[in-house]
Amino acid sequence: MNLQHTFSGTGIAIITPFTEEGAIDWADFKRCLDFWMEGGVEYLVVLGTTGESATIHGDEKQAIFTFVQQHTAGRIPLVAGIGGNDTQEVIHALTHFDLTGYTAILSVSPYYNKPNQEGIFQHYKLIDQYTPLPIIIYNVPGRTGQSMTVATQLRIAKECKSVFATKEASGNMDLIMQLLRDKPADFMVISGDDPITLPMIATGASGVISVVANAFPKEFSNMVRYCLAGDFEKARPLHNKYLEMIAALFTEGSPAGIKAVMSMMGLCKNKFRLPVWPVSQTHQEKIKTLLDKIGHTS
């Protein structure tokens with residue numbers, strides 16, 4: 001499989017639907033999976049941050065990996081979110097989960113411990129030795145408390161044979177542009193921030209792993225395709241159309257914002273696992289106004 005081809009375009013960091021009681025809502029999950037595939041996105045990322053992976057463990061996590069693989073049945077590439085701040089625990093997960101049908105791993109940079117750059121590199125160097133699948137590393141300092149530098153990401157790209165891409169969510173365009181300038185030719189830089197996906201692709205990124213595409217897969221993935229084709233005249237109106245909504249999705253935390261939208265669209269319930277909590281009534285009303293403005297009200 002050509003990884004550069006498979007992961008060019010739009011991936012969705014998919015939500016995990018819950019019932020009123022907090023269990024996995026398998027019926028809503030099917031509805032969402034069908035909606036995303038019908039929306040024409042290129043791939044799905046299962047149990048990333050947006051999927052509330054921090055409160056899903058063990059057998060339940062395996063059940064989700066298996067359910068998504070069985071329902072999608074090879075119709076779309078899948079990425080498994082497996083990361084953490086305990087290197088040995090990540091290795092155990094990589095070597096014990098059944099990842100049949102998955103194409104790659106998304107593995108977030110270690111959080112909370114705040115390792116230095118050498119510690120981050122050694123973490124990825126070790127999991128590179130054990131991973132059963134190619135790896136997308138993930139730089140998201142807003143959640144991890146520590147950004148991977150350009151030098152660290154390039155070192156990982158050059159020395160870790162299984163690492164083929166980075167999901168860049170630092171929001172630091174200076175860092176991103178240096179990374180795009182100096183990266184190996186076959187190493188992919190994927191946007192992890194919906195609002196800067198257009199400028200990132202304009203400077204050489206390969207696409208996005210998106211939150212907003214959970215609710216608007218068709219138009220957002222079309223926007224990305226226009227960007228990749230160099231047709232920014234067609235891309236800009238779609239980019240601008242969703243800017244306010246994207247900002248609103250993160251005002252009171254994610255995935256609280258995106259689930260508020262999707263519940264209004266009848267795709268899932270507005271339910272979470274603590275400590276994630278729904279957005280306030282005031283903010284929900286703002287999101288509803290934006291949804292009406294966009295024109296997605298079903």
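The values are calculated or read from the model by the stated rules, or taken from the named source; none is laboratory data. Note that the structure is a prediction, hence the values are computed from the model and not measured. So basically every Cβ, Gly included, is an ideal-geometry build from the backbone, and we count neighbours across all protein chains shown.
What the table shows:
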{"item": "Matching residues in the range 125-147 - criterion: being free of Cβ contacts under 8 Å to residues at least 40 places away in the same chain and in contact with an Asp or Glu (Cβ under 9 Å, 6 or more places away or on another chain)", "result": "Lys125, Asp128, Ile135"}
{"item": "Filter pass, Ile176 being touching a Lys or Arg at 6+ places or on another chain (Cβ under 7 Å) and either without any contact (Cβ under 8 Å) to a residue 12 or more places away in the chain or surrounded by 24 or more Cβ atoms within 10 Å (Cβ to Cβ) (or both)", "result": "no"}
{"item": "Residue among Lys286, Lys234, Lys259 that alone is among the basic types (Lys, Arg), part of a helix (DSSP H, G or I), modelled with pLDDT of 95 or more and surrounded by 21 or more Cβ atoms within 10 Å (Cβ to Cβ)", "result": "Lys259"}
{"item": "Yes/no for Gly40 being small (Gly, Ala, Ser), in contact (Cβ under 8 Å) with a residue 40 or more places away in the chain, outside any helix (DSSP H, G or I) and in contact with a helix residue (DSSP H, G or I) (Cβ under 7 Å, 6 or more places away or on another chain)", "result": "yes"}
{"item": "Selected residue (criterion: surrounded by the fewest Cβ atoms within 10 Å (Cβ to Cβ)) from residues of the range 1-19 that are assigned to a loop (DSSP other than H, G, I, E, B) and among the hydrophobic types (A, V, I, L, M, F, W, C)", "result": "Met1"}
{"item": "Residue match in the range 207-223 (condition: closer than 24 Å to Ser53 by Cβ, among the hydroxyl-bearing types (Ser, Thr, Tyr) and modelled with pLDDT of 95 or more)", "result": "yes"}
{"item": "Cβ-Cβ under 8 Å pairs, at least 6 apart or on other chains, the range 90-113 side touching a residue at least 24 places away in the same chain (Cβ under 8 Å) and β-branched (Val, Ile, Thr), far side surrounded by fewer than 18 Cβ atoms within 10 Å (Cβ to Cβ) and in a loop (DSSP other than H, G, I, E, B)", "result": "Thr95/Pro132; Thr103/Met1; Thr103/Leu133; Ile105/Leu133"}
{"item": "Where Lys269 falls short, out of the listed (1) surrounded by 16 or more Cβ atoms within 10 Å (Cβ to Cβ); (2) under 27 Å from Glu21 (Cβ atoms); (3) in contact (Cβ under 8 Å) with a residue 40 or more places away in the chain", "result": "(1)"}
{"item": "Single match in Ser191, Ser210, Ser170, Ser162 (criterion: surrounded by 15 or more Cβ atoms within 10 Å (Cβ to Cβ), touching a residue at least 60 places away in the same chain (Cβ under 8 Å), touching a strand residue (DSSP E or B) at 6+ places or on another chain (Cβ under 9 Å) and of a type outside the set (Val, Ile, Thr))", "result": "Ser210"}
{"item": "Residue match in the range 115-135 (condition: of a type in the set (Gly, Ala, Ser), touching a Leu at 6+ places or on another chain (Cβ under 7 Å) and under 23 Å from Val189 (Cα atoms))", "result": "no"}
{"item": "Residue within the range 57-67 that is assigned to a helix (DSSP H, G or I), surrounded by fewer than 20 Cβ atoms within 10 Å (Cβ to Cβ), among the acidic types (Asp, Glu) and at pLDDT 95 or above present", "result": "yes"}
